[in-house]
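*Asks:* One structure, as structure tokens, below. Some questions next.
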Amino acid sequence: MARPPTIFKRSANLLLQYIADHVGVGEALPTEQHMAELGEGSRTAIRSALAHFHECGLISDLKERRLLRKPVRTDYFDLDELRTGADRIREVLMERIYHSDLPPGAEFSETQLARAAGTSTISVREFLIGFSHSGLIEKKPRGGWRLCAFDRSFAMELADVRQMFEFAAIDRFAALPPDSPAFAELQQLIARHERLGSVMPTHHKDFPALDRDFHAFLMGQLDNRFAQGFFDLVSLVFHYHYQWDKSQEMVRNEYAVHEHLDILRALARRDVAGAREAMRVHLSSARSTLLQSIRVREMKAHPG
């Protein structure tokens, strides 16, 4: 569970985005109850955010709470401050896999990962032990860890469960009220995909990080710890195994950006059927690519 300061900072950022979009200078902020919903936090976290706004000269006082000026970039908390130790460990592990610093079969130590993530080896060990249940990493008998592989049956089971979660996330998003902060985040994701799409294929290696944010956004709509844990597994499996077949990486990433945009734009229109169909197409592509990467891996392991 996140520590209170992290909750406060996350709530503050969400409220700042709402204020920037919906509150005019001189107008009063919403009620505490409404702000707790907007900031996705407790009233205690909201009061801490309001005190911060007052100190920054953003609102008049803590009673009337009238807006004195629009938020600027420096009012927001740095996203790095909002990440837990587990978030940083997960990010370092994923980035190393994405960029082939940890190719299939590679071994790594808790100390290396802890140093890169800026956390303790105890935190790294706890994270890796939890993640090892997936069967994708294993503890070596004499210390250290190793990335493992799995068969196509495991991959298909994973893809089936992934589809259930992704469709559930679309349905959950469709039920959000029009003033939900999620729509502002949705527009930001659309803009990021459009920017990357405009510079494809020369910047196709920037796609994995955007792909992670796209699916994390959808999984976040479920507000379910099991869905988040499953997303970590999916992210590792798919990008890890794509390393076995780099021949179509550029084309694959370029197609995926446009598939994401089809889903996001349908959600922005509140077109549930369109979003579900676009997601079906995207997951079908991902499933085919994963199977191809597994075939390539098996051919390399058993040539001839």
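*Asks:* Remind me, relative contact order of region 6-81 in percent, using alpha carbon pairs under 8 angstrom and six or more residues apart?
*Replies:* Computed over region 6-81, the figure is 40 percent.
*Asks:* Once you put a point 7 Å from the Cα of ARG43 and another 7 Å from the Cα of ASP87, both along the Cβ direction, what distance in nm separates them?
*Replies:* Taking the simple label geometry, ARG43 and ASP87 are separated by 2.7 nm.
*Asks:* Could you rank the peptides 159-165, 121-127, 196-202 by their average count of other C-beta atoms within 10 Å per residue, with the highest value first?
*Replies:* Descending mean neighbour count gives 121-127, 159-165, 196-202.
*Asks:* Under a Cβ-only charge scheme (Lys and Arg +1, Asp and Glu -1), can you give me the dipole magnitude of region 23-77 about the Cα centre, in debye to the nearest 20?
*Replies:* About 140 debye.
*Asks:* Moving to a separate point now. Say a paramagnetic label sat at a point 7 Å from the Cα of HIS34, along Cα to Cβ; which residues of region 165-202 have their backbone N under 14 Å from it?
*Replies:* The answer is 178-181, whose backbone nitrogens lie closer than 14 Å to the label point.
Read the figures in this text as sums done on the coordinates, not as results from a lab. Just so we're clear, the structure is a prediction, and the values are computed from it rather than from any experiment. Note: ideal-geometry Cβ built from the backbone for every residue, glycine included; neighbour counts use all protein chains shown.
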